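A.B. asks: I am attaching a structure below and will ask some questions about it afterwards.
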Amino acid sequence: EPEVTQTPSHQVTQMGQEVILRCVPISNHLYFYWYRQILGQKVEFLVSFYNNEISEKSEIFDDQFSVERPDGSNFTLKIRSTKLEDSAMYFCASSFGQSNSGNTIYFGEGSWLTVV
Amino acid sequence: SQQGEEDPQALSIQEGENATMNCSYKTSINNLQWYRQNSGRGLVHLILIRSNEREKHSGRLRVTLDTSKKSSSLLITASRAADTASYFCATPRTGANNLFFGTGTRLTVIP
């Protein structure tokens with residue numbers, strides 16, 4: 001069964017450093033997402049991406065965050081200058097169509113980011 | 001807020017018993033999705049139920065949806081130790097293409 005793959009599975013970084021989290025969505029999917037889950041808390045939406053541009057973003061997704069689909073297969077999340085509160089599990093996800101049209105969103109295994 | 005809220009927050013049962021988890025939400029939806037998360041792992045999609053469906057089955061899973069009460073339930077029959085995980089309901093945000101997740105129910109199945 002096709003799956004969303006993420007790398008790295010775990011990254012430890014110094015505060016203020018840039019981090020890039022990578023994802024390979026399911027190949028025929030058209031919508032791509034990043035969510036995050038701070039330890040013990042809810043899964044929160046960050047951003048969605050369609051047709052090579054951001055379609056929606058939450059208030060969490062500030063200027064420190066950016067996304068890119070550089071080569072038609074990878075989908076990346078960059079955090080420019082990490083803060084302690086960025087420590088979380090980051091999930092990449094993809095779907096063929098929109099969730100509000102009844103399409104399933106498939107999630108990857110996540111990337112644990114620890115900022116020290 | 002449109003977020004779903006699961007109930008109970010935690011549930012502990014013996015292997016073989018059935019587990020029922022409930023989800024309530026606040027706004028109109030056209031579908032609701034249930035996910036499982038093993039500790040420290042990714043979100044595994046379990047089932048999607050549309051607003052015009054009242055009940056849906058998948059293996060040992062049974063999901064109901066009552067749009068008049070804005071609630072859904074997930075029933076796992078004949079539970080196994082491997083079912084130990086957190087279970088989340090997620091609803092599409094009105095007019096947007098992303099999901100709101102509830103707080104989750106942490107299920108522990110004791111062998």
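A.B. asks: Would you point out which residue out of B:Ser68, B:Ser72 is open to solvent by less than 60 Å² (accessible area, probe 1.4 Å) and not acidic (Asp, Glu)?
C.D. replies: Details: B:Ser68 fails: open to solvent by less than 60 Å² (accessible area, probe 1.4 Å).
One residue alone meets the criteria, B:Ser72.
A.B. asks: Still on this structure, please answer the following. If only one of B:Lys69, B:Lys56 is without any contact (Cβ under 8 Å) to a residue 60 or more places away in the chain, over 22 Å from A:Val47 (Cβ atoms) and out of contact with any strand residue (DSSP E or B) (no Cβ under 6 Å at 6 or more places or on another chain), which one is it? I'd like the intermediate steps shown before the answer.
C.D. replies: On the way: B:Lys56 fails: out of contact with any strand residue (DSSP E or B) (no Cβ under 6 Å at 6 or more places or on another chain).
Answer to the check: B:Lys69.
A.B. asks: Same structure, new question: Which residues, counting only those in the stretch A:81-116, are under 14 Å from the mean Cα position of the chain (by Cα) and either aromatic (Phe, Trp, Tyr) or more than 13 Å from A:Tyr33 (Cα to Cα) (or both)? Show your work before the answer.
C.D. replies: Step one: filter the stretch A:81-116 for residues under 14 Å from the mean Cα position of the chain (by Cα), giving A:86-95, A:105-113.
Those that are under 14 Å from the mean Cα position of the chain (by Cα) and either aromatic (Phe, Trp, Tyr) or more than 13 Å from A:Tyr33 (Cα to Cα) (or both): A:Asp86, A:Ser87, A:Ala88, A:Met89, A:Tyr90, A:Phe91, A:Tyr106, A:Phe107, A:Glu109, A:Ser111, A:Trp112, A:Leu113.
A.B. asks: Here is a list: A:Trp34, A:Trp112. Which entry is among the aromatic types (Phe, Trp, Tyr) and more than 30 Å from B:Ser28 (Cβ to Cβ)?
C.D. replies: Details: A:Trp34 fails: more than 30 Å from B:Ser28 (Cβ to Cβ).
None of the others qualify; the one that does is A:Trp112.
A.B. asks: On to the next question. Please go through the stretch B:86-96 and give me each residue that is within 7 Å of chain A (Cβ to nearest Cβ) and either among the charged types (D, E, K, R) or surrounded by fewer than 20 Cβ atoms within 10 Å (Cβ to Cβ) (or both), ordered by number.
C.D. replies: Result: B:Ala96, single match.
A.B. asks: A follow-up question, please. For residues that are among the charged types (D, E, K, R), within 20 Å of A:Gln6 (Cα to Cα) and more than 11 Å from the chain's Cα centre (by Cα), tally how many sit in the stretch A:54-77. Write out each step before concluding.
C.D. replies: Let us first name the residues in the stretch A:54-77 that are among the charged types (D, E, K, R), namely A:56-57, A:59, A:62-63, A:68-69, A:71.
Filter once more, keeping what is within 20 Å of A:Gln6 (Cα to Cα): A:68-69, A:71.
Keeping just the survivors that are more than 11 Å from the chain's Cα centre (by Cα) gives A:69, A:71.
Within the stretch A:54-77, residues that are among the charged types (D, E, K, R), within 20 Å of A:Gln6 (Cα to Cα) and more than 11 Å from the chain's Cα centre (by Cα) number 2.
A.B. asks: Right, next: Considering only residues that are open to solvent by 80 Å² or more (accessible area, probe 1.4 Å) and at the interface with another protein chain (Cβ under 10 Å from one of its Cβ atoms), look in the stretch B:1-51 and name the one that is modelled with the highest pLDDT.
C.D. replies: B:Arg50
A.B. asks: Sticking with this one: Here's a check for you: in the stretch B:102-111, which residue that is assigned to a strand (DSSP E or B) and within 14 Å of chain A (Cβ to nearest Cβ) is surrounded by the fewest Cβ atoms within 10 Å (Cβ to Cβ)? Spell out the reasoning first.
C.D. replies: First pass over the stretch B:102-111, keeping only residues assigned to a strand (DSSP E or B): B:105-110.
Cutting the leftovers down to within 14 Å of chain A (Cβ to nearest Cβ) gives us B:105-106.
Details: B:Thr105: 22, B:Arg106: 18.
Selected residue: B:Arg106.
Residue-by-condition table, conditions (1) of a type in the set (Val, Ile, Thr); (2) closer than 27 Å to A:Gly110 by Cβ; (3) under 10 Å from the mean Cα position of the chain (by Cα):
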position: B:Gly16; (1), (2), (3): no, no, no
position: B:Tyr25; (1), (2), (3): no, yes, no
position: B:Trp34; (1), (2), (3): no, yes, yes
position: B:Gly42; (1), (2), (3): no, yes, no
position: B:Lys70; (1), (2), (3): no, no, no
position: B:Ala81; (1), (2), (3): no, yes, no
position: B:Cys89; (1), (2), (3): no, yes, yes
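A.B. asks: Does B:Leu99 qualify as being open to solvent by less than 60 Å² (accessible area, probe 1.4 Å) and either charged (D, E, K, R) or under 30 Å from A:Phe61 (Cα atoms) (or both)?
C.D. replies: On the way: open to solvent by less than 60 Å² (accessible area, probe 1.4 Å): yes; either charged (D, E, K, R) or under 30 Å from A:Phe61 (Cα atoms) (or both): yes.
It is true that B:Leu99 is open to solvent by less than 60 Å² (accessible area, probe 1.4 Å) and either charged (D, E, K, R) or under 30 Å from A:Phe61 (Cα atoms) (or both).
The values are calculated or read from the model by the stated rules, or taken from the named source; none is laboratory data. Just so it is clear, the structure is predicted and the values come from calculations on it, not from any experiment. We place every Cβ from the backbone using ideal geometry, glycine too, and count neighbours over all the protein chains shown. Note: areas computed on protein heavy atoms with side chains; ligands, DNA, RNA excluded. Shrake-Rupley method; radii C 1.70, N 1.55, O 1.52, S 1.80 Å.
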